[in-house]
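Reviewing the structure listed below.
The values are calculated or read from the model by the stated rules, or taken from the named source; none is laboratory data. What you see is a predicted model; the values in this text were computed from it and never measured. Here the Cβ positions follow ideal geometry from the backbone for every residue, glycine too, while neighbour counts run over all protein chains shown.
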Amino acid sequence: MPPSAERKNAAPAAQAPAATGGVQSLERAFDLLERMADAGGEVGLSELSTASGLPLPTIHRLMRTLVSCGYVRQQPNRRYALGPRLIRLGESASRLLGTWARPYLARLVEETGETANMALLDGDEVVYVAQVPSRHSMRMFTEVGRRVLPHATGVGKVLLAHTPDEQVRALLARTGMPATTEKTITTPEGFLAELAHVRDAGYATDDNEQEIGVRCIAVSVPDSPTAAAISISGPAGRVTDAATDKFVPLLHEVAVDLSAALASSGAANGAGS
């Protein structure tokens, strides 16, 4: 099919409203970006066509547009990779996610008395995007924006709990497993066993592994637009096993409420566009 014929046939589809009331070409473009992210950030056109069910000419047209906008770049091997302009969008979205989470973290502080945090997995590291501190004079403080390795943190454990073992091993090989205390898990086998326990329990703990005298309890935020975890942390003398039994159901409840709020925000934004 000549290029002019392709454009002629494709133009109505690109402008047609999608079933959700949006613009179909935009929905398709964002779907391709998400599929690229799921594939590790770099794919070929045929892979995208197989995964999405879209014809190659349609994908090629969408990818040309994304490349021209800087959201995708074409590699020397002719494959396509996520582009640098997405970084700025991701950083802004992470800040907003932390802002939206603060009322829910404040509820955790109100009901537990301990510091509450929200964290995301960014590449191979955990980054803290929100915190509400405890009112106790002795409290834990983690600077928003701080990055840590996941193997010594409760939030890191829940963020990796459902990642395939081979991917976890590859991550650990890249980061190493330095010990920050004598309680830190420092072997891949030990960490994978810990992740299995996290999956069974539905929550993770950092028991003096990041800092002696500090305990953390963490759960994942279900159906978050990006993998996210919330946690409470405090002195080991206060965050005891008995306290953990009380805190875990509350953490799950707040995580579900936060997830619902994030979903409704997305729906509200879509309805108002």
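Structure values in brief
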item: Any hit, the stretch 155-176, residues being touching a Leu at 6+ places or on another chain (Cβ under 7 Å) and among the acidic types (Asp, Glu); result: yes
item: The stretch 46-68: number of residues that are touching a residue at least 12 places away in the same chain (Cβ under 8 Å) and under 25 Å from the mean Cα position of the chain (by Cα); result: 6
item: Residue list for the stretch 166-191, filter: at pLDDT 95 or above and in contact with a helix residue (DSSP H, G or I) (Cβ under 6 Å, 6 or more places away or on another chain); result: Val168, Arg169, Leu172, Met177, Thr184, Ile185, Pro188, Phe191
item: Pairs, first charged (D, E, K, R) and modelled with pLDDT under 55 in the stretch 257-269, second surrounded by 11 or more Cβ atoms within 10 Å (Cβ to Cβ) and outside any helix (DSSP H, G or I), C-beta under 7 Å, six or more apart; result: none
item: Residue that is surrounded by the fewest Cβ atoms within 10 Å (Cβ to Cβ) [pool: residues in the stretch 201-219 that are at negative phi and assigned to a loop (DSSP other than H, G, I, E, B)]; result: Ile212
item: Val198 being in a helix (DSSP H, G or I) and touching a Leu at 6+ places or on another chain (Cβ under 9 Å); result: yes
item: So Glu114, is it assigned by TED's automatic domain parsing to the domain that holds Arg238 and buried (at least 19 other Cβ atoms within 10 Å of the Cβ); result: yes
item: Meets criteria (under 20 Å from Thr142 (Cβ atoms), in contact with a helix residue (DSSP H, G or I) (Cβ under 6 Å, 6 or more places away or on another chain) and part of a loop (DSSP other than H, G, I, E, B)) for Thr226; result: no
item: Any chance Arg169 is assigned by TED's automatic domain parsing to the domain that holds Leu120, farther than 18 Å from Glu114 by Cβ, surrounded by fewer than 16 Cβ atoms within 10 Å (Cβ to Cβ) and in contact with a Pro (Cβ under 9 Å, 6 or more places away or on another chain); result: yes
